[in-house]
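*Asks:* What follows is a single structure, and I will ask about it in a moment.
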């Protein structure tokens, strides 16, 4: 609202600047320090998505950014509200998701509350963000918001933070303040010399492999990579966060590096003399380890490599990934010296191993059957949002993604509690798709209150609880390390009644063969459904410990 002097209330100007950036939703839990901003939002086109915890709001906003490419926005009050955003900030930073966090603060010019609830939020956010700033001048609001969005969306995407103190929010701007339109900058292309050097390395390699990482999870990159793979015939594998960039049913797909070493896929990785690494960096858990004098690596990414003891590429092709891959495809001549016979034999071994247990009728359900049944039910464009736990490894290994961004998992911060909020954001953004949250009982209970949010929003969402009444991943690591099985088991609520208490529909699987029809029925009925599926993790030891220890790479 304009005043008689032509100026504008700061909170109104703030909201107009957000609208100018194309913001449609803000996720959050407002406090009294946000009340001016809340009132300004009331009359805006932006929808406030009230959550039950600030951490969940940050997860939702970050996932919104990941899926849309636009900055997701979340809101909290000062002090405890802001500290609850910290895990979400780290989630977006390590996972390269564009996010803007807006926090309130006590009056900065004159306050009568001493240090009550005061935390230096700007400094707290500094190591976790690309940009953090306290607004102390109403006239700078448009420029600071433009800068926050620019940096959040620029490669490598990540979180930004703005603090709007209570007294600044009610001040009046000067009359000549303008909004800033977003610039249409183009990502730079890789230089010609690096492209030519990459071509030479690919042509001289005998056993090259393509690695696809999280940075390639963009539609243009998917199209460019498919063209490169089909022209060259070079087999490919991916990281957990690179799943689905190229359809994993493709005959040249070798598998997902769900473990860092020692899996069947690593026979092929170890045999390769060149890894063409598209979009992976060391922030995601390494899919293989480099050693001095070993295989060569070409790093193709938006940014230069973060050199590490296990990752030191010999060549970096830095620039727009899609353009780099397209140029390589166009310039590459047919290579007759490539030899992929060994990789074909490894692929056969991988496929055979991954099919084991997919029809096993044991109950509680073994992980292989659980993954196979979910894959049978989900359509090509169906989205699964995985929390963090033992099942994440099984889904990364065994679940073939057919399209990019249909498997949402976090292998960077790898935080628990993100599965349900991420699925909520996906269901909001794509109501036409079938969306499923897959959570362990531990991760689910960390943000289970957001079931109410999903029901209130009227979403169509299925929540699958992989129930082992323990922190299963750490329990497996405990066993691998030779420690006693101690301190990691707990009790659970009755999940069916728990879902019903929120107004959702609860189901309990009592036979392995009931899982897939229960999922189908839940999607067909619409609304929010929770499925409690007891799981038997004894297969962890047999498959991921004992069997892999006996694994012998083909000669």
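The values are calculated or read from the model by the stated rules, or taken from the named source; none is laboratory data. Fair warning: this is a prediction, and the values are worked out from it, not measured in the lab. Cβ coordinates were reconstructed from backbone atoms using ideal geometry, including for glycine residues, and neighbour counts include every protein chain displayed.
*Asks:* Is it the case, given these coordinates, that residue 158 is within 30 Å of residue 260 (Cβ to Cβ), crowded, with 20+ Cβ neighbours inside 10 Å and either touching a strand residue (DSSP E or B) at 6+ places or on another chain (Cβ under 9 Å) or in contact (Cβ under 8 Å) with a residue 12 or more places away in the chain (or both)?
*Replies:* yes
*Asks:* Given the conditions (1) crowded, with 24+ Cβ neighbours inside 10 Å; (2) touching a helix residue (DSSP H, G or I) at 6+ places or on another chain (Cβ under 7 Å), report the number of the one that residue 207 does not fulfil.
*Replies:* Condition (1) is where residue 207 drops out.
*Asks:* Sticking with this structure for a sec: Taking residue 335 as the residue in question, decide whether it is touching a residue at least 60 places away in the same chain (Cβ under 8 Å), touching a helix residue (DSSP H, G or I) at 6+ places or on another chain (Cβ under 8 Å) and assigned to a helix (DSSP H, G or I).
*Replies:* no
*Asks:* Listed residues 490, 502; which is touching a strand residue (DSSP E or B) at 6+ places or on another chain (Cβ under 9 Å), surrounded by 14 or more Cβ atoms within 10 Å (Cβ to Cβ) and free of Cβ contacts under 8 Å to residues at least 60 places away in the same chain?
*Replies:* Within the list 490, 502, the selection yields 502.
*Asks:* Condition first: in a loop (DSSP other than H, G, I, E, B) and at pLDDT 95 or above. Can you find one or more residues in the range 182-203 that meet it?
*Replies:* No; the residues of the range 182-203 include none that is in a loop (DSSP other than H, G, I, E, B) and at pLDDT 95 or above.
*Asks:* Another question about this same structure. Could you list, in sequence order, the residues of the range 270-296 that are crowded, with 22+ Cβ neighbours inside 10 Å, closer than 22 Å to residue 207 by Cβ and modelled with pLDDT under 95?
*Replies:* Once the filter is applied, which keeps residues that are crowded, with 22+ Cβ neighbours inside 10 Å, closer than 22 Å to residue 207 by Cβ and modelled with pLDDT under 95, the range 270-296 yields 279, 280, 287, 288.
*Asks:* Now for a different question. What strands (runs of 3 or more DSSP E) completely inside the range 44-152 contain at least 3 residues that are surrounded by 22 or more Cβ atoms within 10 Å (Cβ to Cβ) and in contact with a helix residue (DSSP H, G or I) (Cβ under 9 Å, 6 or more places away or on another chain)?
*Replies:* Hits in the range 44-152: 72-76, 99-105.
*Asks:* Do you know which residues across the range 14-43 are touching a helix residue (DSSP H, G or I) at 6+ places or on another chain (Cβ under 6 Å) and either within 30 Å of residue 443 (Cβ to Cβ) or outside the structural domain of residue 85 (by TED's automatic domain parsing) (or both)?
*Replies:* If the condition is that a residue be touching a helix residue (DSSP H, G or I) at 6+ places or on another chain (Cβ under 6 Å) and either within 30 Å of residue 443 (Cβ to Cβ) or outside the structural domain of residue 85 (by TED's automatic domain parsing) (or both), then 27, 28, 29, 30, 31 are the ones that fit.
*Asks:* Restricting attention to the range 217-253, which residues are within 23 Å of residue 540 (Cβ to Cβ), touching a helix residue (DSSP H, G or I) at 6+ places or on another chain (Cβ under 7 Å) and not in a loop (DSSP other than H, G, I, E, B)?
*Replies:* Passing the criteria: 237, 240, 241.
*Asks:* Show the residue pairs that are 6+ apart or on different chains and have beta-carbon atoms under 6 Å apart, the first residue being within the range 375-390 and without any contact (Cβ under 8 Å) to a residue 40 or more places away in the chain, the second being surrounded by 22 or more Cβ atoms within 10 Å (Cβ to Cβ).
*Replies:* 375/399
*Asks:* Next up: Considering only the range 459-469, I want to know if a residue exists there that is in the same structural domain as residue 530 (by TED's automatic domain parsing), more than 12 Å from residue 389 (Cβ to Cβ) and out of contact with any strand residue (DSSP E or B) (no Cβ under 9 Å at 6 or more places or on another chain).
*Replies:* So far as the range 459-469 goes, no, none of its residues is in the same structural domain as residue 530 (by TED's automatic domain parsing), more than 12 Å from residue 389 (Cβ to Cβ) and out of contact with any strand residue (DSSP E or B) (no Cβ under 9 Å at 6 or more places or on another chain).
*Asks:* Inside the range 442-479, can you point out the residues that are farther than 18 Å from residue 416 by Cα and part of a loop (DSSP other than H, G, I, E, B)?
*Replies:* Correct list: 457, 458, 459, 460.
*Asks:* A further question on this structure: Does any residue of the range 400-413 turn out to be touching a strand residue (DSSP E or B) at 6+ places or on another chain (Cβ under 7 Å), modelled with pLDDT under 95 and either outside any helix (DSSP H, G or I) or closer than 25 Å to residue 532 by Cβ (or both)?
*Replies:* Yes, the range 400-413 has at least one match.
*Asks:* Could I ask something else about it? Could you run through the range 369-390 and say how many residues are in a helix (DSSP H, G or I) and out of contact with any helix residue (DSSP H, G or I) (no Cβ under 6 Å at 6 or more places or on another chain)?
*Replies:* Matching residues across the range 369-390 total 4.
*Asks:* So residue 169 clears everything in (1) farther than 20 Å from residue 61 by Cβ; (2) surrounded by fewer than 20 Cβ atoms within 10 Å (Cβ to Cβ); (3) touching a helix residue (DSSP H, G or I) at 6+ places or on another chain (Cβ under 6 Å) except one condition, right? Which one?
*Replies:* (2)
*Asks:* Just to verify a result, which residue in the range 326-340, among those that are at pLDDT 95 or above and within 28 Å of residue 292 (Cβ to Cβ), is surrounded by the fewest Cβ atoms within 10 Å (Cβ to Cβ)?
*Replies:* Among them, the one singled out is 339.
*Asks:* When you go through 406, 453 one by one, which is the residue that is closer than 24 Å to residue 70 by Cβ, crowded, with 23+ Cβ neighbours inside 10 Å and outside the structural domain of residue 71 (by TED's automatic domain parsing)?
*Replies:* One residue alone meets the criteria, 453.
*Asks:* Moving on. Which residues, counting only those in the range 372-389, are crowded, with 24+ Cβ neighbours inside 10 Å and under 20 Å from residue 287 (Cα atoms)?
*Replies:* Hits for the range 372-389 are 386, 387, 389.
*Asks:* For the range 345-363, give me each residue that is in contact (Cβ under 8 Å) with a residue 12 or more places away in the chain and surrounded by fewer than 16 Cβ atoms within 10 Å (Cβ to Cβ).
*Replies:* If the condition is that a residue be in contact (Cβ under 8 Å) with a residue 12 or more places away in the chain and surrounded by fewer than 16 Cβ atoms within 10 Å (Cβ to Cβ), then 345, 356, 359, 361, 362 are the ones that fit.
*Asks:* Report yes if residue 334 is closer than 26 Å to residue 251 by Cβ and touching a strand residue (DSSP E or B) at 6+ places or on another chain (Cβ under 8 Å), otherwise no.
*Replies:* When the stated conditions are applied, residue 334 does not pass them.
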